[in-house]
Ligand SMILES: [Zn+2]
């Protein structure tokens, strides 16, 4: 009964919080709904004014599908899954007497707020990079990750075209990363949240830049375009450029590969013609034999 109550409370809590964002009852700094729309509009306008692939249409292939994904993965799915996560957390941290800080390697509270944010960001990004590599190397995970790689023309919203199961696959290492830093998110985590959305949007955008020498630190559209390449050399057959926000992991572990920056690389994966083109077909993709 306790778990059912917890489930319903979380579901209603996140629904209510999302609604309050939409009607501007949440401060703008924590308003992820309007923040996402604002960042999307800015990156989209930049794409229209300074396009990398000049012949790409304003409403490129998959544009509306990706806009739908953006709101689904960010808000609708969060509402649906909130209850499951709360119940899972309760079981993990209460029943098995694991405390959120039992694995703490670093005590974040001894650092200044700025350093706390940086450490939080770097550790989380590393574990997301690792999860992304697993998505490419483990066939069961790759089936679902194919949805993200079915993008044939890149634009900012392609960032959020991914199978809802990915939200779940990314969770364990994210929880582990947060436990390493003591089990809590720094107070200003929303800064990192908006920063990572902006970097992610830019990585998928039709803009040509790579931050100059900072390309070895930050993921960028040129690096990430080749992550989506249809074909790569044999020694990289499981993929290249797995960076999420930081490219530094790819350079350290030698998974970086940028053969050119002409922007005309063919995108997708071998066999992508069998991917469903519609949203609902993709929601169910990965569960059938042969996917
Ligand atoms: Zn990938």
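Laboratory data are not the source of any read-out in this text; all were calculated from the coordinates shown. Since the model is a prediction, treat every value here as computed from it, not as a measurement. FYI the Cβ positions are ideal-geometry reconstructions off the backbone, even for glycines, and counts take in every protein chain you see.
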Self-check item: Computed lengthening from residue 71 to residue 22, 0.36 nm per intervening residue step minus Cα-Cα distance
Solution: 16.4 nm
Quiz item: By how many degrees, 0 to 90 and rounded to 10, does the Cα axis of helix 32-49 deviate from the longest principal axis of the chain?
Solution: 10
Self-check item: Cα convex hull volume per residue for segment 29-114 (Å³)
Solution: 188
Self-check item: Folded to 0 to 90 degrees: helix 171-180 orientation relative to the chain principal axis, Cα
Solution: 60
Practice problem: Report relative contact order for segment 2-283 in percent, whole number only (criteria: Cα-Cα under 8 Å, sequence separation at least 6). | Solution: 23
Quiz item: When ranked by the protection proxy of mean other Cβ atoms within 10 Å per residue, highest first, what sequence do the peptides 178-188, 145-155, 16-26 form?
Solution: 145-155, 178-188, 16-26
Exercise. Please compute P(r) over all alpha-carbon pairs of segment 218-291, binned at 5 Å starting from zero, and give each bin as a whole-number percent.
Key: 3, 14, 22, 18, 17, 14, 10, 2
Quiz item: What percent of all Cα-Cα pairs in the chain falls in each 5 Å bin, counting up from 0?
Solution: 1, 5, 10, 14, 18, 18, 15, 10, 6, 2, 1, 0
Exercise. Rounded to the nearest 0.05, what FRET efficiency do residue 138 and residue 211 give with R0 = 41 Å and r taken as the Cβ-Cβ distance? Could you check?
Key: 0.85
Quiz item: What angle do you read, to the nearest 10 degrees and between 0 and 90, between the alpha-carbon axis of helix 2-22 and the longest principal axis of the chain?
Solution: 50
Exercise. Please work out the ratio of the alpha-carbon Rg of segment 84-207 to 2.2 N^0.38 Å and round it to two decimals.
Key: 1.18
